[in-house]
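Below is one structure, written out as structure tokens; comments come after it.
The values are calculated or read from the model by the stated rules, or taken from the named source; none is laboratory data. Here the structure is a predicted model, which means the values were calculated and not measured. Neighbour counts run over all protein chains shown; Cβ positions are idealised from the backbone, glycine included.
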């Protein structure tokens, strides 16, 4: 019986976390109706998620596209099929690498900072202060972050797709082992990608954005235990976001194929 | 679970564009008057009956019975870890009790129907850590409730902010960041933020914690002057005995989750309860209570 006790506790803890996360999500969705009166806050969050993350997201996407091109292109060249590099890089960036890599980057940069900021507010009684000021913390803090992520992450991903494809194209042309002119690369890429692929990629990004904000806010609200607790929340938000993004990516890919 | 929204902001479709306009501007209501904003405070009566709270096996609050009159300044003293702050958090509904009732102005705060009837009073709390929002300036902190509730024109909100900051001796400090403030100033901004609601009940959680004696004295004078100017019910939780005795109409002493003494400052000073006597002796650094 002693063996069953920790198993039961773990199951209950997971069940409680899932229940609380669903409850928070419902509350955030409920407060969408208050979005028009929180536009300043939503745009501030959009600026943090989108504009401030844009340079690093572009840099990461550029190198991801370049690495993909150099790795795949040199292998394709062995069989004389290197012209297909445009289609491969394009499809990879639009369907998988653009949404997933950018979302992981946002989870690490923005999701962790959301957890830390809200966590610090929780520890230093600012959330309690909001409640005594009759201000709902979910409406004031979480809802603007969720809306910002839902729109800013797909926008970031759209940029990342373009920059990654351009990076791949530059390497394909410049690298002597591949030697595919940019116009050939571009033609192959546009022939392989259709609008549905782009929309699916952006939809994935929207879901991942929602996961990042949801996890960041949830972990922040559940923070306790001072500075150490804030640090642990930051780590927990990144790990949980990564995990949920990967699970969601598989499920979305499975059902969107 | 995460929040308890007491606000009612109306329907979505009815005033959508008004809300959109509001989303970009702090307030669009014209004129000098404020909606739902009574200028005077009335004070409230509080009855606490058999309140209990446990965390696991630790029984923190044990059958607390307390009665506080409208307009009274009431202090709860006692050593750290006796449940004083926890009791305050029950009164402002930040924590739910395991059993017992809290009745404010005749309405049980746990009864949703009765609570609606009691919504004509406002309460606010000054936290031990001040709990100011670092991303906002002093003025924005003080005006946060007014701007969020959107019940006044911006001109009027600015006037209220100036007025409340003047009450706590911080006039002209609206534009300062909270990081530029000393501990005592933060406490006073937190008081001004609470006063901006024109509360009928204000609760102070360890207002002198982390403050030097001079700043504590200044803070005591601020609270004392408020007591004269604004007729609100005040509850102070403190382990600073002198501060509590100086400000309060009545004082309760808590020990191990129970109220062991209750009376006027003079009655507390003359108490023959050994725990009270020991507390007075240790907190006044060896100066014996009256009656020794």
_Tally of residues being within 13 Å of another protein chain (Cβ to nearest Cβ) and touching a residue at least 24 places away in the same chain (Cβ under 8 Å) across the range A:117-145_ = 16
*Which ones in the range B:241-255 are part of a loop (DSSP other than H, G, I, E, B) and buried (at least 21 other Cβ atoms within 10 Å of the Cβ)?*
B:248
*Looking at A:66, A:93, A:101, A:114, which one is free of Cβ contacts under 8 Å to residues at least 60 places away in the same chain and under 26 Å from residue A:204 (Cβ atoms)?*
A:101
*Scope the range B:202-215; condition surrounded by 19 or more Cβ atoms within 10 Å (Cβ to Cβ) and more than 13 Å from the chain's Cα centre (by Cα); matching residues*: B:208, B:211
*Somewhere in the range A:32-43, is a residue surrounded by fewer than 19 Cβ atoms within 10 Å (Cβ to Cβ), within 15 Å of residue A:155 (Cα to Cα) and within 14 Å of chain B (Cβ to nearest Cβ)?*
yes
*From the list B:93, B:149, which one is within 17 Å of residue B:233 (Cβ to Cβ) and within 14 Å of another protein chain (Cβ to nearest Cβ)?*
B:93
*Return yes or no: is residue A:242 in contact with a helix residue (DSSP H, G or I) (Cβ under 7 Å, 6 or more places away or on another chain) and part of a helix (DSSP H, G or I)?*
yes
*Can you name every residue in the range B:256-274 that is part of a loop (DSSP other than H, G, I, E, B) and closer than 17 Å to residue B:237 by Cβ?*
B:256, B:257
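Conditions (1) within 19 Å of residue B:92 (Cα to Cα); (2) modelled with pLDDT of 85 or more; (3) in contact with a helix residue (DSSP H, G or I) (Cβ under 9 Å, 6 or more places away or on another chain); (4) surrounded by 17 or more Cβ atoms within 10 Å (Cβ to Cβ), marked per residue:
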{"position": "B:115", "(1), (2), (3), (4)": "yes, no, no, no"}
{"position": "B:128", "(1), (2), (3), (4)": "yes, yes, yes, yes"}
{"position": "B:141", "(1), (2), (3), (4)": "no, yes, yes, yes"}
{"position": "B:144", "(1), (2), (3), (4)": "yes, yes, yes, yes"}
{"position": "B:161", "(1), (2), (3), (4)": "no, yes, yes, yes"}
{"position": "B:174", "(1), (2), (3), (4)": "no, yes, yes, yes"}
{"position": "B:181", "(1), (2), (3), (4)": "no, yes, yes, yes"}
*For the range B:249-265, does any single residue satisfy the condition of being more than 29 Å from residue B:50 (Cβ to Cβ) and either touching a residue at least 60 places away in the same chain (Cβ under 8 Å) or touching a helix residue (DSSP H, G or I) at 6+ places or on another chain (Cβ under 9 Å) (or both)?*
no
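With the condition kept exactly as written, say whether any residue in the range B:218-233 is modelled with pLDDT of 90 or more and under 13 Å from residue B:76 (Cβ atoms). Write out each step before concluding.
Within the range B:218-233, the subset modelled with pLDDT of 90 or more is B:233.
Pick out the ones that are also under 13 Å from residue B:76 (Cβ atoms) and you get none.
Within the range B:218-233 (the criterion being modelled with pLDDT of 90 or more and under 13 Å from residue B:76 (Cβ atoms)), the answer is no, since none of the residues qualifies.
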*Could you list, in sequence order, the residues of the range B:80-96 that are surrounded by 21 or more Cβ atoms within 10 Å (Cβ to Cβ) and in contact with a helix residue (DSSP H, G or I) (Cβ under 7 Å, 6 or more places away or on another chain)?*
none
